[in-house]
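As C-alpha cells, the structure follows; a few thoughts come after it.
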Amino acid sequence: MNIRQENPVSTNTLQASTKVYYRHYTDVCKFQIVNKIAWTVVVCLFSGAVSFAQTQSDSLRVVLSKKDITPAQRVTALSMLAKATSITATDQAIQTGVQAVQLSYALPDAQYTAIAYAMLAQVYLQHDDISKAAQAVDSAVYYSGKTSSSLAKGVAWYRKSWIENVKGKSKEALASAQQSLKYLDAEGLTSWQSSVYYIIASIYANLEDGPLHKKYAQLSLQTALEKGDDDNLLCAYQSLGTYWQYNHLHHTNDRASLDSALYYNRLAMQTFLERKNSIVFHSTMAIVALNTADLFAQYFPATYRDTVFYYLDYAQRIGAETHHVEVVANCYGMKSDYEMAAGNYDNAAVLLQKGLAVVSADSAKNLATKMQFMAALASLAEKRGDYREALQYFKQHEQLYTDLYNEDKMNMTKELEAQYQAEKHVMALKALQQTAVLHKRLGYLYIGLTLASITAAFFVLRSFRFRLQLAEKAKNDAALLAQLQQQENKQLAMEKQEAELQALLKNEEAMRLLAEQQLMQERQDRLQKDLLAGTLQVEQKTELLQTLQKKITENKHDSSVLNQLSRIIDNDKRVDESLADNKVGLDDIHPDFFEKLRERSSNALSKLDLKHCSYIFLGLTNKEASQKLGVAPKSILMSRYRIKQKLGLGREEELDNYIRSLS
C-alpha cells in the first residue's frame, strides 16, 4: 500500500515577522513564540497547492469511479481524496474521510483503519476541530495495535507525535516520535521517516536546543535525499535555514550563521523552482520566502527594501494560492511596518486593514492573528494622535483576547471529552474481549458439568432405594418436629402476651402519675393566680383606704369633699364588681408573668408599672386602668410609653400584644 505523506513546516519560521504585531504586548508575544513551531506544522500539513490538489483530487475520483478496484484500494483512495480536498472543501473532505474509516471496518487487516483514521485527523484539524483530530489520532493508535503492519504503526505514532506537538506537549511528542521511528525503521527506509525527523527537529527548536534541532534537521535532509522526496527535501532545507536564523539571532556577530540561513533558503527556492510540478505543498516555499524577507529586513541596510518587498510579494502570492492565511497576514504586517517606519501612517493603516480583511474572510476564527492586527492598528492610531480610534482597537483586542481564552477552555473541554470517549471506547472493547474469553471458559465449564451430570446420574440411580428408606424416616421425623415446633410457638405466643400485658400496665401507671403531676401543677398555678389577684385587690383597697383617711382628716367639715369620697367608694364598688368579672382572666396569668417582665426590663419596672401591665393583660381599657390606679387618663398614656421604653420594644411593636404573649 503506497500512501503519500505530508510534511510539516515549523511556524517558528514566522517568528521575526510575527513580532511586528506584538511590539507593545510582550506577554502575548511570548505566548505566540512558544507555540509557533507546532502550529506551522499544522499549517504545512494542510496547505498544498490548490491547483495540484485539484488535479490530484480529479485523478482520485477517476480511480474511485472504477468498479474493479479492491476494497483496500477504495479505502486508500478515499483517505487520499479527503486529504487532497481538505483545503478547498473541508466539510466534504470530512465526509469522505469518515466514509473511508467506515469502509475499512469490513477489511480483515486493521492497518487500513489505522491509516484512514490518521488521514482523517489531518482533515479535522483543517476544520479547526482539535478535539476530533485528537480522537481520530487515538483511534489510529488503537487500531495500529491490532495489525502487524509496521508502516501502519509508524504512521499512527507519527500522527500521535504530530497532535501532541500541536498541543505543545513536547515531552510526549518526543516519546511518540521515537516510537514511530522504531516501527518505521523495521519497515525499511520510507518518506515518513524524514517527516518524523522534521517533527523532532521542530520540537527541539521549541525547546531552544540548537544542537539537537540541527541534528534532526540534517537527518531529515539526509533521508529526503536518499528517498528522493521533493516535499521532504524542501522542508528539510527550510528547517536548516530556520536553525541558522535562530543561531544568528542569539549570536548576531556570527556572520557565517546569517550566510548559512540565506544559503539553505536559496537551496529551498532553487529546489522549488526546479521541481515545482512534483512538489505538493507549495506553502513551504511561501514560508521560506517570508523568512528570507525577514532576514533582509532585520540584518541588512534600509537600501534592501526592494529585496524585502520582492520576497514578501512572492510569499504573499503563494500564500494566497495555497490559502495560507498566516503567511499572507505576516506579509501585510511587515509591509505596514516599513510604511510606519517611514512615517506613512495612512499607507500602513491600509495595509493592516487589508491583512485583517484576509484573516477575517477565512473560515477559521484566527483569533490570535486578529489580536495582532488590532494591537498594530491601536499602536498606529496612537502614533497618529487619534486616541479614540486607538482605544476602539484596543477594546477589540481585549475582546479577541477574551474570546481566545474562552476558545482555549472550550478546546480543552472538548479534548477531555474526546479522551473520555476514547477511553470509554477502549474499555468497551476490552469488555467485549473479556466477554469472549468468559464465553470460552463457560464452554469448557459446560462440558465439565455435562460429564459430572452423567456421573452423578449413575450414583443417583444406585442410591434411589436407599433414599426411599430415608424419605420414610424423614417423614416421621418431620411430623414429630412439627409437633415440637407447634408447642414451641404456643409457648412463645404466651410469653409475648404476658410481655405486652406488662408493658400495658407500665404505660397505664406512667400515664396515671403524669395526670397526678399535671393536676398538682394546675392547683399550684391556680393558687398562685388567686394569690396574685388577692394581692392586687388588697393593695388597691389599702391605697383607697389611705386616700380616704387622708381626705377625711383634711376636710372634716367640707360637704363637697365628703360627697367626693362617697363617689370614690361607689366607684370602688364598681371596680370590685369589674374585678370579680375579670377574675377569670386574671386566673390565666402565668405564675412567672411578673418575673418575665422584670427580666426583660432589667428590673427597671416600678410596682405601679407592674400593676399597669397586669391591667393590660386583663384587658382593661385606659380609662378603667386610670380609675384603678387613681390617675388621669393622660397619665396612663405616658405610663404606657415609659413601660414600652423600659421593655426595649421597638416603635412598631404593640405593648398589649407583647404583654399578652407572656402568659
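The values are calculated or read from the model by the stated rules, or taken from the named source; none is laboratory data. Small disclaimer: the values here were computed from a predicted structure and weren't measured. Cβ atoms come from the backbone with ideal geometry, glycine included; neighbour counts cover every protein chain shown.
Quick notes
Each row is one residue, and each column tells you yes or no for (1) hydroxyl-bearing (Ser, Thr, Tyr); (2) at pLDDT 75 or above; (3) under 26 Å from residue 132 (Cα atoms).
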position: 385; (1), (2), (3): no, yes, no
position: 399; (1), (2), (3): no, yes, no
position: 424; (1), (2), (3): no, no, yes
position: 439; (1), (2), (3): no, no, no
position: 447; (1), (2), (3): no, yes, no
position: 450; (1), (2), (3): yes, yes, no
position: 470; (1), (2), (3): no, yes, no
position: 485; (1), (2), (3): no, yes, no
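- Where helices (runs of 4 or more DSSP H) fall entirely within the range 77-191, those with at least 1 residues that are closer than 25 Å to residue 228 by Cα and outside the structural domain of residue 279 (by TED's automatic domain parsing) are at 111-126, 150-166, 170-187.
- Only a single item in (1) assigned to a helix (DSSP H, G or I); (2) crowded, with 23+ Cβ neighbours inside 10 Å is not met by residue 257, and it is number (2).
- Positions within the range 112-169 being free of Cβ contacts under 8 Å to residues at least 40 places away in the same chain and among the hydrophobic types (A, V, I, L, M, F, W, C), in sequence order: 133, 136, 137, 140, 141, 157
- Where residue 232 falls short, out of the listed (1) in a helix (DSSP H, G or I); (2) in contact (Cβ under 8 Å) with a residue 12 or more places away in the chain; (3) under 20 Å from residue 317 (Cβ atoms): (3)
- Of residues in the range 305-322 being among the charged types (D, E, K, R) and over 12 Å from residue 295 (Cα atoms), the one modelled with the lowest pLDDT: 321
- Subset of the range 290-303 [within 15 Å of residue 261 (Cβ to Cβ) and surrounded by fewer than 19 Cβ atoms within 10 Å (Cβ to Cβ)]: 298, 299, 300
- Considering the conditions (1) free of Cβ contacts under 8 Å to residues at least 60 places away in the same chain; (2) in the same structural domain as residue 275 (by TED's automatic domain parsing); (3) part of a helix (DSSP H, G or I), residue 198 is excluded by exactly one of them, (1).
- Of all residues in the range 320-360, those satisfying the criterion of being among the β-branched types (Val, Ile, Thr) and without any contact (Cβ under 8 Å) to a residue 60 or more places away in the chain are 325, 328, 350, 358, 359.
- Test: residue in the range 232-242 that is over 27 Å from residue 170 (Cα atoms) and β-branched (Val, Ile, Thr): no
- Considered as a group, the residues in the range 167-183 that are surrounded by fewer than 23 Cβ atoms within 10 Å (Cβ to Cβ) and among the hydrophobic types (A, V, I, L, M, F, W, C) include one that is farthest from residue 129 (Cα to Cα), and that residue is 181.
Every residue, every condition in (1) in the same structural domain as residue 598 (by TED's automatic domain parsing); (2) in a helix (DSSP H, G or I); (3) exposed (fewer than 12 other Cβ atoms within 10 Å of the Cβ); (4) touching a residue at least 60 places away in the same chain (Cβ under 8 Å), yes or no:
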position: 609; (1), (2), (3), (4): yes, yes, no, no
position: 617; (1), (2), (3), (4): yes, yes, no, no
position: 620; (1), (2), (3), (4): yes, no, no, no
position: 624; (1), (2), (3), (4): yes, yes, no, no
position: 628; (1), (2), (3), (4): yes, yes, no, yes
position: 635; (1), (2), (3), (4): yes, yes, no, no
position: 638; (1), (2), (3), (4): yes, yes, yes, no
position: 643; (1), (2), (3), (4): yes, yes, no, no
position: 653; (1), (2), (3), (4): yes, no, yes, no
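- Of the set (1) at pLDDT below 85; (2) touching a helix residue (DSSP H, G or I) at 6+ places or on another chain (Cβ under 6 Å); (3) buried (at least 23 other Cβ atoms within 10 Å of the Cβ), all apply to residue 75 but (1).
- Enumeration of residues in the range 457-467 that are among the aliphatic types (A, V, I, L, M) and either surrounded by fewer than 10 Cβ atoms within 10 Å (Cβ to Cβ) or in contact with a strand residue (DSSP E or B) (Cβ under 8 Å, 6 or more places away or on another chain) (or both): 461
- Only one of 569, 589 that is in contact with a Leu (Cβ under 8 Å, 6 or more places away or on another chain), at pLDDT below 80 and loosely packed, with under 14 Cβ neighbours inside 10 Å: 569
- Remark: pairs (first residue in the range 46-70, farther than 23 Å from residue 104 by Cα and of a type in the set (S, T, N, Q); second residue surrounded by fewer than 18 Cβ atoms within 10 Å (Cβ to Cβ) and at pLDDT 50 or above; Cβ separation under 6 Å; 6+ apart in sequence or on different chains) are absent.
- Test result for residue 304, of a type outside the set (A, V, I, L, M) and over 29 Å from residue 340 (Cβ atoms): no
- Within the range 97-108, considering residues that are over 32 Å from the mean Cα position of the chain (by Cα) and in contact (Cβ under 8 Å) with a residue 24 or more places away in the chain, the one surrounded by the fewest Cβ atoms within 10 Å (Cβ to Cβ): 106
- Positions within the range 144-158 being surrounded by 24 or more Cβ atoms within 10 Å (Cβ to Cβ) and either β-branched (Val, Ile, Thr) or in contact with a Ser or Thr (Cβ under 8 Å, 6 or more places away or on another chain) (or both), in sequence order: 152, 153, 154, 155, 156, 157, 158
- Taking the criterion of being of a type outside the set (Ser, Thr, Tyr) and more than 41 Å from the chain's Cα centre (by Cα), the residues of the range 232-244 that qualify are 233, 234, 240, 241, 244.
- Here residue 313 meets each of (1) closer than 20 Å to residue 208 by Cα; (2) under 47 Å from the mean Cα position of the chain (by Cα); (3) of a type outside the set (Phe, Trp, Tyr) with one exception, condition (1).
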